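Here's the structure we're looking at; comments come further down.
The values are calculated or read from the model by the stated rules, or taken from the named source; none is laboratory data. Just so it is clear, the structure is predicted and the values come from calculations on it, not from any experiment. Using ideal geometry, Cβ is built from the backbone for each residue, glycine included, and neighbour counts are taken over all protein chains shown. Heavy atoms of the whole protein, side chains included, go into the accessibility calculation; ligands, DNA and RNA do not. Shrake-Rupley method; radii C 1.70, N 1.55, O 1.52, S 1.80 Å.
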Amino acid sequence: MNRTVSFGHKVHVLRGVETYGYQVAHYLLQEEELALDAAKAALLELSSNDDFFAEESSLQRARLCRAVIRHALLLKQKCLRREHSIIS
């Protein structure tokens, strides 16, 4: 679908799902700062996909959940690698 979505609509939709994204990230990471970073990264990723804004809210939440999980795992992996390199 090639459609242009207004900035205002994107902001409205993203604000509607940002709390859910943070909740998923915080549940997984149990760290506020990492959860914020994971949620922000997922929202930023989705903001560039105009198809996301045409989906039903349940599909948006599912797509957001997958993106948050992916970013949360990447951030945790970076943290663990950093900790491991400090210990070694």
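Ile69: of a type in the set (Val, Ile, Thr) and within 9 Å of the chain's Cα centre (by Cα), yes or no? Judged against the criteria, Ile69 is a match. I need the full set of residues from the range 7-53 which are farther than 13 Å from Cys65 by Cβ and in contact with a Cys (Cβ under 8 Å, 6 or more places away or on another chain), in order please. Listed by number, the list holds a single entry, Leu34.
The sole residue among Leu74, Leu14 that is at pLDDT 95 or above, out of contact with any strand residue (DSSP E or B) (no Cβ under 6 Å at 6 or more places or on another chain), open to solvent by 70 Å² or more (accessible area, probe 1.4 Å) and part of a helix (DSSP H, G or I) is Leu74. Residues in the range 43-65 that are within 14 Å of Val11 (Cα to Cα) and of a type in the set (Ser, Thr, Tyr): Ser47, Ser48.
Among the residues of the range 43-60, none qualifies, meaning not one is charged (D, E, K, R), touching a Phe, Trp or Tyr at 6+ places or on another chain (Cβ under 8 Å) and either within 23 Å of Gln77 (Cβ to Cβ) or buried (at least 18 other Cβ atoms within 10 Å of the Cβ) (or both).
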